[in-house]
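As structure tokens, the structure follows; a few thoughts come after it.
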Protein chains: 2
Amino acid sequence: MNKNKKVSMAVIRRLPKYYRYLSELINKDIKRISSYELSKLTGFTASQIRQDFNNFGGFGQQGYGYNIEELYKQLKMIIGIDKPHSGIIIGAGNLGQSIANYKHFDETGFNIVAIFEKNPRLIGYKIREIPILDFYDIEEFCKDKDIGIAVITTPKQDAQAVADKVVSLGIESIWNFAPVDLKTPDNVVVESIHLSESLLALMFMLNNK
Amino acid sequence: MNKNKKVSMAVIRRLPKYYRYLSELINKDIKRISSYELSKLTGFTASQIRQDFNNFGGFGQQGYGYNIEELYKQLKMIIGIDKPHSGIIIGAGNLGQSIANYKHFDETGFNIVAIFEKNPRLIGYKIREIPILDFYDIEEFCKDKDIGIAVITTPKQDAQAVADKVVSLGIESIWNFAPVDLKTPDNVVVESIHLSESLLALMFMLNNK
């Protein structure tokens with residue numbers, strides 16, 4: 001991929017969908033697919049699909065379509081799934097536990113190594129071999145480890161301070177589940193899942209059909 | 001709101017954010033705000049904000065700005081938070097339990113009345129007074145109730161069949177957490193949260209900074 005070319009968020013959102021559909025095709029032992037068939041499958045237009053892949057150098061072949069195995073391998077590299085990513089979760093409440101328990105993340109090379117928590121009643125427990133540690137030990141723990149991703153599942157009021165902390169530890173990406181828009185330096189990427197906002201968007205659609 | 005006017009998904013995504021920020025302003029006892037100040041707060045441009053609210057009839061006053069209490073009340077009506085919404089969850093795994101436990105939904109009038117599950121080891125338990133019932137009783141349970149929202153937190157392979165079922169029961173909106181793009185009739189609205197896709201988007205951003 002050309003690192004100087006800025007990829008739009010719309011493309012970034014579609015890449016994981018392509019990845020998911022390609023995994024399914026591979027599981028079905030399908031070898032190749034045209035952009036037209038991929039379009040029917042994903043709901044994106046064929047020209048959109050060709051344009052998306054052109055961002056990363058093409059991969060398709062006129063009259064043949066895409067070699068699924070090859071495209072899948074390339075997509076893995078483009079997204080970065082080919083490398084392992086160590087992650088920590090901050091907040092061992094329901095949501096934090098739920099994410100720690102989510103086995104499917106393993107397939108993406110995302111490896112959660114610890115959960116940090118302030119509540120002494122939770123510290124010391126394990127979730128699927130992942131220890132719940134004292135939040136006050138986070139600096140010591142991360143010192144000699146290459147942690148790429150911090151997952152924030154704390155209450156709203158703690159989220160910004162936790163973000164500041166993980167940024168100070170050199171962690172460069174945050175997966176945020178707290179209902180707050182985090183402020184972080186430009187070198188840190190943040191992806192937020194706002195559950196309440198998603199629910200309200202659904203309510204709006206239901207009430208304004 | 002003019003029901004004939006199609007509101008774009010981009011606007012629908014911003015409405016819950018306005019709602020969240022206005023709640024915070026109300027908690028701070030602030031009475032009015034200009035579109036410029038709201039812009040600094042939300043990160044959307046002032047003209048974007050004015051345009052969004054114009055979709056629903058304006059609310060602002062030249063030289064005064066927005067009356068926060070009034071705007072908040074109107075937004076509640078527009079989104080539909082002023083009415084209660086009964087919901088059911090299908091899938092009592094970690095994610096389903098996590099959503100059932102999420103207390104903040106109560107504030108939005110979203111009231112989860114039951115969780116349905118196939119696994120006999122989970123049936124009969126309660127989560128915050130919400131019973132886990134046998135999935136095979138879903139039709140009987142929903143018959144005389146006005147269930148507006150079905151939350152799908154089943155494994156991927158069950159999600160489409162569950163969606164078909166809830167649609168057949170007359171439920172018109174689905175909050176989907178399974179990693180699959182559901183096929184539903186046009187009168188049903190679907191909002192999906194794809195956790196793995198969100199994580200992959202974050203990985204992409206981290207690896208392509």
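The values are calculated or read from the model by the stated rules, or taken from the named source; none is laboratory data. Please read all numbers here as calculations on a predicted model, not as lab measurements. Glycine gets a Cβ as well: all are built from the backbone with ideal geometry, and neighbour counts include every protein chain shown. With ligands, DNA and RNA removed, areas are computed over all heavy atoms of the protein, side chains included. Shrake-Rupley method; radii C 1.70, N 1.55, O 1.52, S 1.80 Å.
Things to note:
- The number of residues in the range B:135-146 that are in a loop (DSSP other than H, G, I, E, B) and open to solvent by 100 Å² or more (accessible area, probe 1.4 Å) comes to 3.
- Breaking point among (1) more than 11 Å from chain B (Cβ to nearest Cβ); (2) part of a helix (DSSP H, G or I); (3) among the polar types (S, T, N, Q), for A:SER196: (1)
- Single match in B:PHE110, B:PHE56, B:PHE44 (criterion: modelled with pLDDT under 90 and under 25 Å from B:SER8 (Cα atoms)): B:PHE56
- Residue identified as crowded, with 17+ Cβ neighbours inside 10 Å, at pLDDT 95 or above and not in a loop (DSSP other than H, G, I, E, B) among A:ILE49, A:ILE12, A:ILE88, A:ILE78: A:ILE88
- Residue, farthest from the other protein chains (Cβ to nearest Cβ), within the range A:15-35, restricted to residues that are in a loop (DSSP other than H, G, I, E, B) and open to solvent by 40 Å² or more (accessible area, probe 1.4 Å): A:LYS31
- Filter pass, B:VAL151 being within 13 Å of chain A (Cβ to nearest Cβ), open to solvent by 30 Å² or more (accessible area, probe 1.4 Å) and farther than 18 Å from A:GLU107 by Cα: no
- Candidates in the range B:128-144 are the residues that are modelled with pLDDT of 95 or more and closer than 22 Å to A:GLY93 by Cα; of these, the one that is farthest from the other protein chains (Cβ to nearest Cβ) is B:PRO131.
- Any hit, the range B:111-134, residues being in a helix (DSSP H, G or I) and open to solvent by less than 40 Å² (accessible area, probe 1.4 Å): no
- If you go through the range B:161-193 and keep only what is open to solvent by less than 30 Å² (accessible area, probe 1.4 Å) and within 7 Å of chain A (Cβ to nearest Cβ), you end up with B:SER173, B:TRP175, B:VAL189, B:GLU191, B:ILE193.
The rows are residues; the columns are (1) without any contact (Cβ under 8 Å) to a residue 12 or more places away in the chain; (2) outside any helix (DSSP H, G or I).
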{"residue": "A:ALA159", "(1), (2)": "no, no"}
{"residue": "A:VAL167", "(1), (2)": "no, no"}
{"residue": "A:ILE171", "(1), (2)": "no, yes"}
{"residue": "A:TRP175", "(1), (2)": "no, yes"}
{"residue": "A:VAL190", "(1), (2)": "no, yes"}
{"residue": "A:PHE204", "(1), (2)": "yes, no"}
